[in-house]
Amino acid sequence: MLILGIETSCDETAAAVVEAGAGGAMPWRMLSSVVASQVEIHREWGGVVPELASRQHVRDICGVVERALGEANVGWPAVDAVAVTQGPGLIGSLLVGVSFAKSAAWAAGKPLVAVNHLAGHIESLWLQNGDLPTPAVVLVVSGGHTSLYLVEPPGTYRLIGRTRDDAAGEAYDKVAKLLGLGYPGGPIIDRLAASGNKAAVSLPGTRLTHPDRNAPAREYRFDFSFSGLKTAVLRHVRARQKMLGTDRLPEGEVRDLAASFQATVVETLVERTFAAAKWFDARAVGIAGGVSANSSLRERARARGDRAGLPVYLPSTHLSTDNAAMIAAAGLRRIAAGDLAPADLNAQATLPL
Ligand code: KG4
Ligand code: ZN
């Protein structure tokens, strides 16, 4: 069984072909995965400009899908289903993928499957590693989300914690912008932090002491919060700029600040994820999404897993940031559940998972 995945939720136009056994059975094999990144376009503006993003998706989508089919060495007749990201994401961007997928599926006479982008990030772990032991606690940590899910059985996702304000990737991007480091901030801070002193700047941890009064009836025991940390970095930078009489902090100071910020973020993510794993008696821990590419997060999570006797699963760098192979994989789960999308499927910017 061959499934074509399409992803256009943010600033990457992506298409991929994934092969599975009958009905979507594992193991899954990635035959191709093409990602056209718009980073160069948005860098100039210091972040994603939604209107520019949707226009670029329109330009790129046909070529990206053709290349994904070409690299997998298959034509439309061999494709068994089309999976597309329905949300969450930028509405204009999502609409390009959803409209393309609907038209292509209808024209080729193939079933259409709607995928939640976050489920895609979770399934990147199953695509990469084969079957994970369950129950598994999976942290999805990206530019737009920082959420913890309990996966049991595979293909089901129970939300057990999420950020109350900024996503971790968003905090990375904002701190990088503040330091004049460019976009996207995650990889840049990651690189600088490697040669900085993480004990140089004392930043507040992100421990939560009060329950979230705004939370719906359910209790979020394993929530995150990053806006206080971001504000602390802002205050520190402003004070140093004032003291030195310049906007440009010395390079060594920037490295130290990057290292201190990263250590705080990573510590919070790892601590809370493993606390949840313990609480739910998980047999595995997974980390997915753009920030899972972070070198320190990978290292610390693995070390913590070794100590706790829990296997830690991470996607490859290609599968950690936005791609369509993970969308195809999540689509296979939907097919296995008999969950096909109607012809009037619409994109949904705030689609929950
Ligand atoms: O999953 P993703 O590609 O897009 C969203 O769904 O948001 O994640 C992008 C985010 C950005 O905020 C970027 O700064 C962050 O992932 N990121 C990183 C690293 N690589 C990407 N953050 C920290 N360290 C990295 N190495
Ligand atoms: Zn993503």
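Throughout, read-outs are computed from the coordinates displayed, never taken from laboratory work. Bear in mind the structure is a predicted one, so any value in this text is a computation, not a measurement. When we count neighbours, we look across all protein chains shown, and the Cβ atoms used for this are built from the backbone with ideal geometry, even at glycine.
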For this session: May I ask you to compute the full-extension gain from ARG302 to HIS318, defined as 0.36 nm times their residue separation minus their alpha-carbon distance, rounded to one decimal in nm?
Result: 3.9 nm
For this session: Report the paramagnetic label zone for SER202: residues of segment 263-288 whose backbone N is under 16 Å from a point 7 Å from Cα along the Cα-to-Cβ axis.
Result: 264
Problem set entry | Relative contact order, percent, the chain [alpha-carbon distance under 8 Å, six or more residues apart] | 26 percent
For this session: Would you work out the relative contact order for segment 279-320, in percent, from Cα pairs under 8 angstrom that are 6 or more residues apart?
Result: 55 percent
Exercise. Along the principal axes of its C-alpha atoms, what lengths does the chain span, in descending order and rounded to whole Å?
Worked result: 66, 46, 37
Exercise. Which of ALA232, THR350, ALA15 sits farthest toward the positive end of the charge dipole of the chain, with +1 on the Cβ of Lys and Arg and -1 on the Cβ of Asp and Glu?
Worked result: ALA232
For this session: Once you've got the Cα coordinates, tell me which of LYS198/LYS278; LYS198/LYS230; LYS102/LYS174; LYS177/LYS278 are over 25 Å apart.
Result: LYS198/LYS278; LYS102/LYS174; LYS177/LYS278
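Give the calculated FRET efficiency between ALA336 and LEU234 to the nearest 0.05, with a Förster radius of 30 Å applied to their Cβ-Cβ distance.
Result of the calculation: an efficiency of 0.05.
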For this session: Compute the length gained on full extension between ASP131 and ASN346: take 0.36 nm times their separation in residues and subtract their Cα-Cα distance, giving the result in nm to one decimal.
Result: 74.3 nm
Problem set entry | Residues GLU51 and ASP281, FRET efficiency given R0 of 30 Å [Cβ-Cβ distance, rounded to 0.05] | 0.05
Seminar exercise, completed: Here the relative contact order (percent) of segment 100-149, from C-alpha pairs under 8 Å and at least 6 apart, is 21 percent
For this session: Mind listing the long-range amide H neighbours of ALA341? Cut-off is under 5 Å, sequence gap 5 or more, other chains count too, H placed in the peptide plane at 1.01 Å from N.
Result: LEU112, VAL113, ALA114
Exercise. What residues have an amide H closer than 5 Å to that of ALA284, excluding those fewer than 5 places away on the same chain, when H is modeled at 1.01 Å from N in the peptide plane?
Worked result: VAL137
Exercise. Quick one: length gained pulling CYS62 to THR246 fully straight, 0.36 nm per residue minus the C-alpha distance?
Worked result: 61.5 nm
Problem set entry | Label point distance in nm, LEU178-ARG164, each placed 7 Å from Cα along Cα→Cβ | 1.9 nm
For this session: Show me 10-16, 99-105, 344-350 ranked by packing, highest mean number of other Cβ atoms within 10 Å first.
Result: 10-16, 99-105, 344-350
